[in-house]
Amino acid sequence: MSIADNIARIKSQLPPSVELVAVSKFHPVERLQQAIDAGQLLLGESRAQELAAKAPQLPQQVKWHFIGHLQTNKVRPVVAHATIIESIDSLRLLQAVEMEATRTSRQIDVLLQLHVAQEQTKTGFAIEELLTHATLQRLDNLSHVRIRGIMAMASLTDDNSQIQREFTLARNAFELLRDEFFAHQPLFDIVSMGMSDDWRIAVDCGSTMVRIGTAIFGPREY
Ligand SMILES: *Cc1c(COP(=O)(O)O)cnc(C)c1O
């Protein structure tokens with residue numbers, strides 16, 4: 001199956017309201033170009049350097065989603081190239097992105113990454129922690145950053161009911177944040193969850209954006 005076939009197949013199974021981000025990390029730009037030629041303009045990268053290397057080689061219309069753990073000292077190339085940073089996992093990072101966006105007069109969208117999986121290796125805010133930040137208005141007063149919603153990853157497990165529980169927790173947290181803290185902001189509307197192996201479950205649980213790599217590009221190449 002070609003990259004174009006894979007994208008077409010997945011799109012035919014996704015509800016029209018759910019956006020597809022093709023996760024292109026560790027694949028060469030020639031393969032990304034094939035996705036772009038198939039009309040896929042949302043691409044996901046997880047490393048600052050890799051994004052900075054690839055973005056200038058591909059058309060301007062590409063909307064880059066940054067999805068990896070980001071260190072505060074690496075925000076510069078990401079703010080320069082990304083349309084949205086999906087992986088805001090600390091207040092420090094949120095502030096660093098706001099500072100860099102302000103410094104360079106850019107507007108950037110972000111998602112708050114929630115930690116709902118069992119693995120401790122995954123990053124993200126615990127839900128209670130995030131609600132505390134929201135209550136204490138620590139997510140307010142951003143001039144160049146717009147918080148658009150949440151991102152979450154489920155545990156790496158074959159237990160579908162476990163995955164479903166975790167995605168449901170994330171969706172519920174999104175709705176609480178939306179209704180209690182972002183009601184004044186109509187564009188708090190993104191729930192990014194679901195990868196190659198669990199996107200169908202994620203969509204059933206209310207995902208509005210799936211991030212799919214392997215099922216589109218095949219195994220990662222480097
Ligand atoms: C790599 C990655 C994906 C895509 O994973 P696949 O299993 O290849 O679809 C999605 N989200 C994040 C945050 C990733 O790091």
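So F182 passes all but one of these: (1) out of contact with any helix residue (DSSP H, G or I) (no Cβ under 8 Å at 6 or more places or on another chain); (2) surrounded by 16 or more Cβ atoms within 10 Å (Cβ to Cβ); (3) outside any loop (DSSP other than H, G, I, E, B). Which condition number does it fail?
Among (1) out of contact with any helix residue (DSSP H, G or I) (no Cβ under 8 Å at 6 or more places or on another chain); (2) surrounded by 16 or more Cβ atoms within 10 Å (Cβ to Cβ); (3) outside any loop (DSSP other than H, G, I, E, B), F182 violates only (3).
Only one of L176, L139, L169, L130 is farther than 21 Å from H69 by Cβ and of a type outside the set (D, E, K, R). Can you tell me which?
Unique residue meeting the criteria: L176.
If you go through the range 156-170 one residue at a time, do you hit one that is in a helix (DSSP H, G or I), open to solvent by 10 Å² or more (accessible area, probe 1.4 Å) and among the aliphatic types (A, V, I, L, M)?
Yes, because at least one residue in the range 156-170 is in a helix (DSSP H, G or I), open to solvent by 10 Å² or more (accessible area, probe 1.4 Å) and among the aliphatic types (A, V, I, L, M).
I'm checking my understanding of the structure. Among residues of the range 170-222 that are over 15 Å from the mean Cα position of the chain (by Cα) and among the aromatic types (F, W, Y), which one is nearest to S12 (Cα to Cα)?
F217
Working carefully through the options V18, V78, find the one that is among the aliphatic types (A, V, I, L, M), within 16 Å of the ligand (Cβ to nearest atom) and over 19 Å from I190 (Cα atoms).
It is V78.
From V97, V145, V191, grab the single residue that is open to solvent by less than 70 Å² (accessible area, probe 1.4 Å), at pLDDT 95 or above, of a type in the set (A, V, I, L, M) and within 16 Å of the ligand (Cβ to nearest atom).
Only one candidate passes the filter, namely V191.
The values are calculated or read from the model by the stated rules, or taken from the named source; none is laboratory data. Fair warning: this is a prediction, and the values are worked out from it, not measured in the lab. Every residue, glycine as well, gets a Cβ built from its backbone with ideal geometry; the counts of neighbours run over all protein chains shown. Only protein heavy atoms, including side chains, enter the accessible area calculation; ligands, DNA and RNA are left aside. Shrake-Rupley method; radii C 1.70, N 1.55, O 1.52, S 1.80 Å.
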